[in-house]
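So the structure is just underneath, and the comments pick up after that.
The values are calculated or read from the model by the stated rules, or taken from the named source; none is laboratory data. As the structure is a computational prediction, the values presented were derived from the model and not from experiment. Ideal geometry is used to build each Cβ from the backbone, glycine not excepted, and the neighbour counts take in all protein chains shown.
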Amino acid sequence: MRLRYRIGTRFIYWIWRILFGFQVEGREHIPKKGGMIIASNHLSNFDPLLVGAAVWNRECYFFAKSELFIINKFYTWIMKTFNAHSVDTKKPSKETLKYMYDLINKGLGLILFPEGTRNREKHFLKFNAGVGWLALRCGVPVIPTTIKYSNTSLVSQVFRKSKVRVKFGSPITTNGIKANKEGRELITQEIESKIKELYESISDI
């Protein structure tokens with residue numbers, strides 16, 4: 001893990017931990033080495049940073065819409081420190097998909113948000129099957145992950161009316177699943193189901 005990435009993740013983790021009561025569960029489910037995909041629901045622009053900080057001992061990469069890179073210089077620095085890459089989240093290019101494929105095959109981790117955008121609804125958005133395709137193509141485990149309360153106000157978090165929580169579930173493997181359309185849809189549905197289960201398992205504050 002590069003020093004800059006380690007410093008960035010520790011900085012975000014401890015800021016949210018000390019000021020806002022940030023909590024992480026299930027970190028033992030994250031493989032210590034090898035390619036992997038962290039697949040999570042998506043509630044706010046802070047999610048990639050918080051999920052990345054929650055992983056802790058693995059350096060990961062994620063992909064974000066280009067608008068996030070022009071908010072301000074500090075936020076852009078944080079994004080790049082966390083290995084963020086600009087992408088069309090609605091329709092990633094072939095070059096982006098190849099880059100994801102190459103990162104995984106090098107034994108690195110990806111953080112993906114199958115909903116494709118922040119979810120402002122009370123229900124989950126339809127999951128993009130791209131995460132299933134990538135898992136099957138690379139033959140790597142998918143770690144179902146949920147984040148909750150990241151879309152609440154910082155004031156609410158400061159006074160502990162809500163605490164951002166990240167929870168990792170048991171790895172989903174692609175063993176025995178064919179790399180075709182049916183297999184892609186099957187693994188995507190399983191990922192979606194597991195993430196929903198994790199989300200519901202976090203009690204309301």
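A Cβ distance below 8 Å, combined with a sequence gap of six or more or placement on separate chains, defines the contacts here; from the range 167-186, residues that are within 30 Å of A53 (Cα to Cα) reach residues that are outside any helix (DSSP H, G or I) and among the charged types (D, E, K, R) in the pairs K167/E25; K167/K148; F168/E25. Being more than 17 Å from T145 (Cβ to Cβ) and not charged (D, E, K, R) is the filter here, so list the residues in the range 179-195 that pass it. A179, N180, G183, L186, listed by residue number.
When restricted to residues that are under 13 Å from R165 (Cβ atoms), assigned to a loop (DSSP other than H, G, I, E, B) and within 11 Å of the chain's Cα centre (by Cα), the range 7-42 contains 1.
Scanning the range 163-181 for residues that are charged (D, E, K, R) and more than 15 Å from the chain's Cα centre (by Cα), we see that the one that is nearest to E192 (Cα to Cα) is K181. Within the range 9-27, being surrounded by fewer than 19 Cβ atoms within 10 Å (Cβ to Cβ) and without any contact (Cβ under 8 Å) to a residue 60 or more places away in the chain holds for R10, F11, W14, I15, R17, I18. The helices (runs of 4 or more DSSP H) located wholly in the range 43-108 that include 2 or more residues which are surrounded by 16 or more Cβ atoms within 10 Å (Cβ to Cβ) and modelled with pLDDT under 85 occupy 73-81. Count of the range 1-41 residues, restricted to those that are at pLDDT below 95 and among the charged types (D, E, K, R), is 6. Residues in the range 61-78 that are touching a residue at least 40 places away in the same chain (Cβ under 8 Å) and hydroxyl-bearing (S, T, Y): 1 in all.
For residues that are in a strand (DSSP E or B) and in contact with a Lys or Arg (Cβ under 9 Å, 6 or more places away or on another chain), tally how many sit in the range 143-159.
Of the range 143-159, the ones in a strand (DSSP E or B) are 143-148.
Then keep just the ones that are in contact with a Lys or Arg (Cβ under 9 Å, 6 or more places away or on another chain); that gives 144-148.
Here the count works out to 5.
Does K194 count as touching a residue at least 24 places away in the same chain (Cβ under 8 Å), closer than 30 Å to I15 by Cβ and assigned to a helix (DSSP H, G or I)?
Working: touching a residue at least 24 places away in the same chain (Cβ under 8 Å): yes; closer than 30 Å to I15 by Cβ: yes; assigned to a helix (DSSP H, G or I): yes.
Yes; evaluated as a whole, the condition is true for this residue.
Number of residues in the range 97-125 that are touching a Ser or Thr at 6+ places or on another chain (Cβ under 9 Å) and polar (S, T, N, Q) equals 1.
Residues in the range 143-152: is at least one of a type in the set (A, V, I, L, M), surrounded by fewer than 16 Cβ atoms within 10 Å (Cβ to Cβ) and closer than 21 Å to G183 by Cβ? No, the conditions are met nowhere in the range 143-152. State whether one or more residues within the range 160-180 are among the small types (G, A, S), in a helix (DSSP H, G or I), over 17 Å from H29 (Cβ atoms) and modelled with pLDDT under 95. Among the residues of the range 160-180, not one is among the small types (G, A, S), in a helix (DSSP H, G or I), over 17 Å from H29 (Cβ atoms) and modelled with pLDDT under 95, which makes the answer no. If only residues of the range 127-142 that are among the aliphatic types (A, V, I, L, M) and part of a loop (DSSP other than H, G, I, E, B) are counted, the one that is surrounded by the fewest Cβ atoms within 10 Å (Cβ to Cβ) is A129. Evaluating T188 against the criteria (1) closer than 30 Å to L19 by Cβ; (2) in a helix (DSSP H, G or I); (3) of a type in the set (S, T, Y) leaves one unmet condition, (1).
Residues that are among the small types (G, A, S) and within 14 Å of I37 (Cα to Cα) were ranked within the range 167-205; the one that is surrounded by the fewest Cβ atoms within 10 Å (Cβ to Cβ) is S170.
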